[in-house]
Structures are given as C-alpha cells and as structure tokens.
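No lab work stands behind these numbers, since they all come straight from the coordinates. Since this is a predicted model, take the numbers as computed values, not measurements. Positions of Cβ are generated from backbone atoms using ideal geometry, with glycine treated the same way; all protein chains shown enter the neighbour counts.
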Amino acid sequence: MIINKVALKNYQCYYGETEIVFGKDLNILLGANGEGKTKLFEAIMWVLDLLNKNQEHSVASEKAFDELEVGQSGTTSVALHVTREAGDRENYIIIKEKVFFKKPDGGIRYSDVEYKAVHETLAGERNFISDGKSTLNDLFPYEYRQYSNFEGEDALDIFDTSGGGDDSLVNLINLFSNAEKIEKYSKIFEEIYLKAKDAEEKASKSNSKIEREYKSLLSERDSKLIAIRQKRELQSETQKELTNLSKRISDFEKIVDNNEEFNTLNEMIKSREDKIKKQDLNISTEYVDFLFDRKWILMNFREVLEGFNKKYDALEKDRRDAERAHIQKQAAAKALVIASHDFTSLAVNVPDRATMQEMLDEEVCKVCSRRAEKGSEAYEFMKSKLEALVKDIEQTEEDIPELFKFNYLAELRNERVLFEERVTSDIDSTVDDIKRQFTLNTSAASEIKTLQDEIDDLVAKKSELVGGKGKSEDSYTSILADYMSKLKQRSAKEDYLKLYTSDIEKLKFDIDDLESKIERINALTGNEFLSLSKKILHSLSQTFEKVKNEEFDEILKDLENRSNKIFDEINVESFRGKIKIERYKLVSGRYSVGVEHVLNNGERFMDPNKSLKTSVNIAIIMAVSEMAQSKEGESFNSYPLIFDAPISSFDKDKSSQFLNMLKSIPGQKIIMLKDFVSKENGVVKVMEEFNSVSCDSSYLLSLKRPFNREDLTTMETQVRKL
Amino acid sequence: MFGTKSPAYNKKYKETLFERFTIQGGSTEKKRSHGAFFETNYEFLLYGFFIGLYQNNRLELPVKSEQTSFRHEIENWGSKRHTDLRRDFKYVQFALFEAAFLNTDIDWLRVECGDVSIDSAVTKLITTVEEYANAGFEYILEKVEERTSTPDEMFFLRLITQAKK
C-alpha cells in the first residue's frame, strides 16, 4: 500500500484543512521541536488505528473548538488517500472522524468515532463503504501495520528480546516465510493420521478377548491427552502473562532509563548473564557418549589388557617352540638316514657347521686332535664334509612338512600393536579424565551459582533505584511496590512455566508408553496395514514440522545478511561490528528470535553508542521491509514505514548519508526529522546541508507566528513544500 | 576377528532395556529425556558386556527361541557414524576381542594346525561375549528397577564405574 496523500481537518494543531502529498519512496517532513511533527505522526497513527486509547480523546483543534458557539459542533478528521501499489489508478480513501460539540458549560463533548472509506474505481465511480476499518485491514493488515510505525529512536528497538519473549520478529518472519502454508499441510497430515489411528483402534475393538484391556488403555491415554492439552493451555497462558509482565517491567525500567547508575547495573547484569552462558557451555554431562568417544568404557580394562598380552605372548612362544621342535625332530630323523651310508659314529651334523668351519680355519681336526694343513688329505676330507653338511641342511629345510597350516596369531600381532599404541595411555588416563570432567562441571556450576547470586543482588539494587526515581513521594512508593510485585510475579510465573513444561514432558512419556502398548494390541489383532499407514502419516507430519523450522532458519539467515548489508551502508567509515540474529528455544519449548550486536570476533559489542544502536535497529527494519518486497511466489504489497525522529543521535553527515541510502531501498518511507532546521530570530529555516539529500517530497512544518505556548488556541501548524 | 558373526541376547531385554535405552532413529531430544542415551543397540550391548566383564560375571543364554539375534555384524559396528563428533569403533571392537580371547578356552595351536576350525573358535568367542553381556544386562535391569525415577546419564556412568569385581 502507498499513502499518496494525507488530509487533516482540525486535528490538534492542524487547524482547518491541511493536505500533504507523498511520493512512493522517501518523504521527509522537517520541523523543529514543538512545531507539529509528532502531532502529524499521531494523526496518521490515529487513522491507522494505532494510537493508544488515552491519546485518542483530545484530537480536536483547540483553535477550531474555541471558535464554536455553545451548542455548535465541528469535525475533526484525518483521511488517507491510498492505492494498493504505486501508480495504481484505483484509489481508496480511509477516513476517521469525530464530531465535537461545545457544551453549555463551555466544555467539549465528542461523538463516537466514525470510520469510513471511499473506493474510487478505474471508471471513476465512487463507492462509499461504511466499515472503513475493514477496508484498512484489507489494504494494510494489522500484522504489518503494528510494525510499520516508529515514534522516536527508542521505538526502533522492537526486536529487543531481553524483556522476555518479545515475539515481534517471530511474527514478522512467519509473515514472510511459507511456514504457515507448510503448517497447513502439516495439520492436514495430522488430521489424516488421527483418522487412521481411529480406524485402527476401531478394528482392534472387534476382538472381544482383548477388548477390555484395550478400552482401559485407550481411556487412560485419552485422559492423559486431555491433561496434556490443559497443561499446554496453562503453559501458553503463562507464557503470555510472562510476556506482558516483562513488558510492564521494562516500562517501569524506562522511568529510570537515562540514569547512569541504572544502566551500569544493567550492563553488569548482562555481563554476568553472558558469563553464565559461557559457563553453561563448559558443563558437559553426555557421559554415555563419553563412554565411547572418550574411551571411558575401558576404565577397568588394564587387567584384561595385561592378561591378553600374557596369554598371547605365551601362545606365540608355544607356537615357536612347537615349530622348532618339529623341525628339529624332522631334521634329526633325516640326519640318521644320511649317517647310515657315511661314517657310522657321527651324524652328518656332528660336528656342527660352525665347528667344522672353525676346524678348517685353524687347519686342525678337533675330533682326533691332529693337524690338517691346507692341501692335506685330512683337510680335504673336512672340507668335503662341510660341503655335504651345508647341502644337507638346505635340503632338510625344503623337505620338512610344515606343522602349522594357518597363522592367525601373526595376523593378530599387527592389530595388537595398533591397539596398544592407540589406547594404552588412554586406559591409564580414563579415571583422571572422568575426574577432570566432574571437576570442570562442578566448578562451572558453582561459578554459575555465584554469578546468579550476584545477579540477584544487582536486581535488588536496580529495584531500589527504580523506586528512587519516582516523580513524587507518593508515586515513588507505589511505583516501587508495583515494580517489586511485578518482579515477584514474573519469577513465580517462570517457576510455573518450568513446572508445566516438565509435567508435559512426563505426560508425553506416559502417553508414549500407553501408545506402544496400544500399538502392540493393534499388531496382534492384525491391523498391520492400518498401523503402517498410520506410521507413514505420522512421519510425514513430522517431516513437515522439520521443513517448517528449516524454512524459518533460512529466512532468519537472509534477514541477517540483508541487515548487515544495510548496517554496513549506514556506517560506511566507522567501526561497527555485526548483527547476529538467531532462533532460540524458550523455557516453554516455543521459539523466539534474538538480535545481538557483536564484534567481528563474535563477542558481544559492549556499550555501543546510541547512534550505532539506532542503526542496528534501522538496518533490521529496512531489511524486513526489503524482504517483504522481494518476496517471491505471490503478489506481495509493500507497506509504508513511518518514522518520527528516528535518527536524533546521528550527526548531520551521517544523517544525509543515511537518508540517501534509505532512498535506494524500495518501499515508501515517511520520516519526520528535527535535523536540518535552525531557528533564526524565531524563524524556522532549512539548512543548506539538506540540499544534498535526495527524496520524493519534502516539507517544512512550522507554527504560524506569533503564538503563545501557554494558549493552545493560538497554535496552528503550517506545511510548506520544499 | 569375529568374521561375519554377531552376538545374540536374551529376548526379555529387548523391551525392558534395548528399546527403552537406545535412540535408534527416533527423535533424539525426546528419547534422551526418557533415558535413552545409547545411540544404537550395539552401544548398549557393549555397555552390558563391559559391565559383565568388569564384574567377572558370565551368564549362559537361554535356548535359541528365547534369544534375539543381533543382525549387525561386529565388524560393521560404528560404520554408521557420519558425524565428526563421534569417533570410530575400531578400538572398542579390538578390546571386545581381547577380552573374549582372554576368557575363552580355545586350543589355538590346534586351530593354527587346522585340527580345530576357526569357525568353531569364533563361535566360542561370541558365546563369551554373549555371556558377559547377559550377566551385565541382568545387573542393569536390577538397578533400573530399583530406581523410582527415569535413569539419567549419571546413572549409567555410575553403574560401570562401580562394576569392579
């Protein structure tokens, strides 16, 4: 939707009729403090039905009211001239109006609000629609509208989840993702699954033998299902209450928002919370996984290892001995055979080879203790005997049949060496490793406890401080009491939430147990086909659930990338860090989205200045808007974003840089700024720097001079096109 | 080492232990909250085996019809792990073998000679594994039943650290 024009009639300081025409991209309304910017912003909010109820009652122009005689009436109205898309020729006018009367006592009385709409067709026909609000909802759905307006710099911080479960970003992401569509399918499958289950159960009932048991199982399961539903309702109710409470608490805290001490306390709490998160990571209790991954399962294995080694070594030795004995036995048998046709007294291997060689070297026969010089007959005899022995040994080795056909033990040897290399030291250090893990866990837990105690103290200090900032003695006491009671309520609600969550877990476990019993009966009674269909359907619905979450995460990643791109553009030459957007699970099991401003190394950005904080918020808002327009697959209307003084903390250079960047992002933006104006001798002027800003339309809002701030009937804002 | 053989276990532990304490493809988070911390059946079998081993308890299995066969061969244990977080199972397979080897009466020299078949030797090793695991399961079930609340990871760790003869 595009706002082409806003027409005001007697709306607060906009006396009489005022029209402001907007372009499809960037529109800037300049004005010094108190000259009517915020009133214009509120006028647009009023017609968009986004104004607080307590701001709604005094909408009429004091000047117009002042001109009325007793009994006369006037009209306050704001009309938006809009089209679905830029350049569309089919127009809609949404009008909100109130009639005001001057009572005999001079007081004011308002009629009820009237919401109307006019539809101008292509053919130029005008149709009046009495329910203007439904036309508005059709053109600019509430889900988008609520995130389209930002009053002041702090309002940009819609994604801060530190207050406890702000769902803004979750809601927005859901709008942009196909998650809802997927959920529809998931629901359809869930329904079919339930029907299949029903059919299966009916079939099982027909078997009378087990009917009674079956019925009691079903009724027990159904009552648990009812209980779980009730607990879920309580859970969701409590979550809602918690969200509200957190908002209230954060409202209270805003009272002291500018207090330095208060901020310091907040920082101190945050830094402790961060430390707790880090310590949480140190706690590892996956002991079963560690049994295998850290070899804890071998904690008492040392004895087995030693026993194995002993047994294995003994076996290998036995094997070698047996082999040696076998060879010797065979060789001896062979030698006896050779000896029978040579010298009768000695076997072929007596003396042995070494002795024979020794005798030849020394030229002595040590058998008969006589010299045998080289060339002598005795020497030649010894030489031929050695040759015969060598030949015989070679022959014997070839001829002896092998004792062992297999060598499984040798195959094991390699594995054994590898095993010893890899685990021996692990086995010995396992007990230490377990102790170390326990020490780590205990110290992290105690560190967390200390930090939590410190946080409790800091929170208490904070509460004292909140009390100290009340406007008067009375409100001081009541604010403090209220704040304290809200804090108490929140902590109680959090406890309840945990309780419900654990109850639900327990019920689920019981139900699973009952289901498996029911399933067994179903299988017994031959409903396998139905059982199978049911299982398939169940797994399909689970798959859809998974896809839904993946889709959600993909969109978050996209949002993070786009936000960072815009963030970089806003802060071109300055140190800025990065925006991190992540999904996390709440205590209740629901998901929430957290935004964090981090340094490039991933650590939290401590104490960013206001202008940097603002640009983080703006970057995300712009990224969301950009995503809305680039959404594929269906015609997706873009919606205007309306800001009142969003960049007060920016300096002029950064402001113009920012506005020019904003112009390049598609979609309509309407911005009210106090920058670029100066007052000279009571006259409001636009500064030269504004010339470097490019936009579709720009206006200067200023009060008609002279006026008296004490007398509202003298206040009248005029709009001048620049 | 174990060829293509795999151990069996007493059927009564299928429902009371295996299905309860192993994740086996279900939703991990959910099953863990119910006490299922073992990723696979073979992890649980190993756990039972080491408990029996450390307690030096063996318990014969009932007749075949009362057994559940373990289709996953020991050689392939751990092969289904794809994540970098979990390490391989080679070491634990060899530890299993060493323990079975040590505690099984086999005349290995006769096996090497070919007088006794390797197949019958491996069958004996598997029987040893099964018997230690069986004793381990009996002990685990007893301890689980003594408990009033769902077993947590600490429970499983404590059982094995205290399992020493």
**Prompt:** Could you name the aspartates and glutamates in cross-link range of A:K461, using Cα to Cα under 18 Å and dropping any fewer than eight places away on the same chain?
**Reply:** A:D251, A:E253, A:D257, A:E260, A:E261, A:E267, A:E273, A:D453, A:D482
**Packing-based exposure ordering (other Cβ within 10 Å, fewest first) of A:Y14, A:Y287** = A:Y287, A:Y14
**Asked** Going 7 Å from the Cα of A:E114 in the Cα-to-Cβ direction, what parts of region A:77-95 have a backbone nitrogen less than 17 Å from that spot?
**Response** A:77-80, A:93-95
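Rank by packing, highest mean first: peptides A:93-101, A:638-646, with packing defined as the count of other Cβ atoms within 10 Å averaged across residues.
Values: A:93-101: 20.3, A:638-646: 22.9.
Per-residue mean Cβ counts within 10 Å order the peptides as A:638-646, A:93-101.
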**Prompt:** Hey, if you put +1 on the Cβ of every Lys and Arg and -1 on every Asp and Glu Cβ in region B:2-163, which of B:G114, B:I160, B:T40 ends up farthest toward the positive end of that dipole?
**Reply:** B:T40
**Asked** Which entries in A:K133/A:K231; B:K64/B:K164; A:K247/A:K462 show an alpha-carbon gap greater than 25 Å?
**Response** A:K133/A:K231; B:K64/B:K164
**Prompt:** Within straight cross-link reach of A:K215, meaning Cα distance under 16 Å, which aspartates and glutamates are found once same-chain residues fewer than 8 apart are removed?
**Reply:** A:D198, A:E200, A:E201, A:D513, A:E515, A:E519
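Just tell me how shielded A:406-415 is by partners: mean number of partner chain Cβ atoms within 10 Å of each residue's Cβ, no decimals.
Values: counts 6, 1, 6, 4, 1, 1, 6, 0, 0, 6.
Mean number of neighbouring Cβ atoms from other chains: 3.
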**Fill in**
Straight-line reach check, A:K278, cutoff 14 Å on alpha carbons, 8 or more apart in-chain or any other chain, hits among aspartates and glutamates -> A:E447, A:E603
**Asked** Assuming R0 = 30 Å, what is the FRET efficiency of A:D251 and A:E273, from their Cβ-Cβ distance, to the nearest 0.05?
**Response** 0.90
**Message:** With +1 assigned to the C-beta of every Lys and Arg and -1 to the C-beta of every Asp and Glu, and no other charges, what is the dipole magnitude of region B:2-163 about the Cα centre in debye, to the nearest 20?
**Reply:** 540
**Message:** For the pair A:D88/A:I192, report the inter-label distance in nm, with labels modelled 7 Å from Cα in the Cβ direction.
**Reply:** 3.7
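Starting from the Cα gyration tensor of region B:2-163, take the square roots of the eigenvalues, sort them a ≥ b ≥ c, and report rounded, prolate or oblate (rounded when a/c is under 1.5, otherwise prolate if a/b is larger than b/c, else oblate). Numbers along the way, then the final one.
Details: a/c = 1.99, a/b = 1.59, b/c = 1.26.
Here region B:2-163 falls in the prolate category.
Listed highest first by mean packing, meaning other Cβ atoms within 10 Å per residue, what order do B:92-98, B:143-149, A:654-660 come in?
Details: B:92-98: 22.9, B:143-149: 10.4, A:654-660: 19.6.
Most protected by this proxy first, the peptides run B:92-98, A:654-660, B:143-149.
Net charge within 12 Å of A:I665 by Cβ-Cβ distance, Lys/Arg positive one each and Asp/Glu negative one each, not counting A:I665 itself? Mind dumping the intermediate values first?
Working: positive: A:R562, A:K565, A:K663, A:K669; negative: A:D25, A:E569, A:E626.
Summing Lys and Arg as +1 and Asp and Glu as -1 gives +1.
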**Prompt:** For chain B, what is the calculated [θ] at 222 nm in deg cm²/dmol (nearest 500), taking -39500 (n - 2.57) for each run of four or more DSSP H residues and dividing by its residue count?
**Reply:** -15000 deg cm²/dmol
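Under 9 Å from the Cβ of B:P62, count the other residues' Cβ atoms, weight Lys and Arg +1, Asp and Glu -1, and hand me the total.
Values: positive: B:K11, B:K12, B:K64; negative: B:E60, B:E66.
Neighbourhood net charge equals +1.
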**Request:** Would you mind computing, in nm to one decimal, how far apart the modelled labels at A:T75 and B:D107 are, each placed 7 Å from Cα along Cα→Cβ?
**Result:** 11.6
**Prompt:** For A:Y11, A:Y92, what ranking results if the residue with the fewest other Cβ atoms within 10 Å of its Cβ goes first?
**Reply:** A:Y92, A:Y11
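What is the average number of partner chain Cβ atoms found within 10 Å of a Cβ in B:97-109?
Values: counts 5, 12, 5, 2, 7, 10, 4, 0, 0, 1, 1, 10, 8.
That works out to 5 on average.
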